[in-house]
Amino acid sequence: MTQTFVISIVLLVMIGVLGGGYIARKSHQKEKVQGGSIGRASHFLASAILVTTAPAVLCSATFLHPQFLGEVVIAGVNLTPLAHALVVALLMVVVALVLLIIHAIFARPEIDRAVPVEDRGWTAEDARKSGL
């Protein structure tokens with residue numbers, strides 16, 4: 001591993017922890033995050049990954065120059081940096097969505113318990129009491 005790679009990864013992790021923590025905290029202030037510790041952890045990780053997506057793509061294209069796809073040439077144009085950047089962005093978004101699905105699975109039972117009992121709808125008695 002080169003020094004540039006290590007520095008880039010450390011910076012991306014710092015951006016993810018700080019930015020993801022900020023976003024998760026603001027989200028929790030706006031509406032309580034359900035799902036217990038697993039729900040909160042998956043919510044935080046998804047926030048961190050989504051915050052880190054753009055910086056990761058920029059680092060990938062400018063500093064890291066990954067070669068996991070090999071060389072991508074279409075119609076004589078070398079699209080290797082673009083292809084790698086798109087794959088990195090797509091994979092990060094997919095991982096974040098999987099984490100949000102995990103969050104939803106653990107949060108759903110608590111949300112269902114918080115929902116009030118079925119509404120009986122508008123009745124004739126309600127109409128008489130409304131004064132309309």
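Table for the structure above
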quantity	calculated
Count - residues of segment 63-86 that are within 21 Å of T4 (Cβ to Cβ), in contact with a helix residue (DSSP H, G or I) (Cβ under 9 Å, 6 or more places away or on another chain) and not in a loop (DSSP other than H, G, I, E, B)	6
Residue match in segment 67-81 (condition: surrounded by 12 or more Cβ atoms within 10 Å (Cβ to Cβ), modelled with pLDDT under 90 and out of contact with any Ser or Thr (no Cβ under 9 Å at 6 or more places or on another chain))	yes
Of the criteria (1) free of Cβ contacts under 8 Å to residues at least 60 places away in the same chain; (2) among the hydrophobic types (A, V, I, L, M, F, W, C); (3) over 30 Å from A107 (Cβ atoms), which one A48 fails	(3)
Selection from segment 53-98 of residues that are hydroxyl-bearing (S, T, Y) and in contact with a strand residue (DSSP E or B) (Cβ under 9 Å, 6 or more places away or on another chain)	T80
Test: residue in segment 17-31 that is in a loop (DSSP other than H, G, I, E, B), within 18 Å of A104 (Cα to Cα) and not polar (S, T, N, Q)	yes
Any hit, segment 19-30, residues being of a type outside the set (D, E), loosely packed, with under 14 Cβ neighbours inside 10 Å, touching a Leu at 6+ places or on another chain (Cβ under 8 Å) and more than 19 Å from M92 (Cα to Cα)	no
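The values are calculated or read from the model by the stated rules, or taken from the named source; none is laboratory data. Note that the coordinates shown come from a computational prediction; the quantities given were computed from them, not determined experimentally. Here the Cβ is made from the backbone with ideal geometry for all residues, glycine too, and neighbour counts use every protein chain on show.
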